[in-house]
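The values are calculated or read from the model by the stated rules, or taken from the named source; none is laboratory data. This one's a predicted model, so the numbers in the text were calculated from it and none came from an experiment. All Cβ positions, even for glycine, are placed from backbone atoms using ideal geometry, and neighbour counts span all protein chains on display.
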Amino acid sequence: MEVHAHTHTPRKKWTHYFWEFLMLFLAVFCGFLAEYQLEHIIEHQREKQYAKQLLADLRADPVFFEKRIKTMDGIMEKHKRFYQLMTSLAKPADKEILNACLPLLYAFDIPVTTATYNQMKTSGGLRYIQNEKLTNVLQQYYEVSLPRVSNSSDMEIRYYYEIINPFILKHFRVQDFDFFSDTVKTNAPVIMNRTNQVDQELLNIIEGYAGSHGVIQERLTIPAVKKLNELIGLLKKEYRPK
């Protein structure tokens, strides 16, 4: 008779399962922490990259606005001289009016770059900016100040083409002035069909343009420049670019 020996596998203690579970939990948890840390590093790198790109976009804006404000200050002085000429007791000659009026016939655009901010906004990149004050100033400049200045510029361009240009086509002769430099090029220019009413109409048109310039300068452009300088200062302080 054969006798079979039965082998018995010792039952594992509950502590063994506990340690297995703990090791597995720690492995998953450490993987999660590593992934979270990596994502945090990537987001911080993107934040710095966006800040660098924003500063690159903004670098030319202060120079542009400073030049624009200076140019507009000069134009506003010319508007004052034109007003004095048109309201003086002595009736000015056609050439005097053209010499004073032509340098005022400018329409300005706002050639600033908003590419990086638009990209951040559409892609959700604004969330990478951790400084809440910086985010607020960034949005105020790009979504409030800059659009107001840009819209006002578009309004002035429409004013030029819808009101000023029709007057020019009706009363000025193209052979009398240089289109690109807005200067008189003949000795005896003529304002066609000139009457006191035409003079007053021209004064009204040009003074309306001057009033628009003044409002935009004081209420929109200068506040936009202050917000711009604040934004650049915050970006440089936060990221300290070398």
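For the reader, a short list of remarks on this structure follows.
- Test result for R127, touching a helix residue (DSSP H, G or I) at 6+ places or on another chain (Cβ under 6 Å) and of a type in the set (K, R): no
- Residue within the stretch 186-205 that is in contact with a helix residue (DSSP H, G or I) (Cβ under 9 Å, 6 or more places away or on another chain), within 30 Å of N165 (Cβ to Cβ), modelled with pLDDT under 95 and surrounded by 12 or more Cβ atoms within 10 Å (Cβ to Cβ) present: yes
- Within the stretch 94-140, the set of residues being over 21 Å from F172 (Cβ atoms), part of a helix (DSSP H, G or I) and charged (D, E, K, R) comprises K121, R127, E132, K133.
- Residues (closer than 16 Å to P103 by Cβ, more than 35 Å from the chain's Cα centre (by Cα) and in a helix (DSSP H, G or I)) located in the stretch 150-185: D176
- L235, sole failed condition from (1) loosely packed, with under 12 Cβ neighbours inside 10 Å; (2) closer than 30 Å to K133 by Cβ: (1)
- For the stretch 121-153, the candidate set comprises residues that are within 27 Å of S212 (Cα to Cα) and among the hydroxyl-bearing types (S, T, Y); within that set, the residue that is surrounded by the fewest Cβ atoms within 10 Å (Cβ to Cβ) is S150.
- Residue that is surrounded by the most Cβ atoms within 10 Å (Cβ to Cβ), among those in the stretch 75-91 that are hydrophobic (A, V, I, L, M, F, W, C) and over 15 Å from G208 (Cα atoms): L85
- Here the condition is being closer than 15 Å to L58 by Cα and in a helix (DSSP H, G or I); of A210, A224, it holds for A224 alone.
- When the test is whether a residue is touching a strand residue (DSSP E or B) at 6+ places or on another chain (Cβ under 7 Å) and of a type in the set (D, E), D176 passes it.
- Counted residues, the stretch 83-111 - those being more than 17 Å from T71 (Cα to Cα) and hydrophobic (A, V, I, L, M, F, W, C): 7
- Within the stretch 154-186, the residues that satisfy the criterion of being free of Cβ contacts under 8 Å to residues at least 40 places away in the same chain and either more than 23 Å from S212 (Cβ to Cβ) or polar (S, T, N, Q) (or both) are N165, R173, V174, Q175, D178, F180, S181, K185, T186.
- Residue satisfying condition, being of a type in the set (D, E, K, R), modelled with pLDDT of 95 or more and surrounded by 14 or more Cβ atoms within 10 Å (Cβ to Cβ), within set D57, D94: D94
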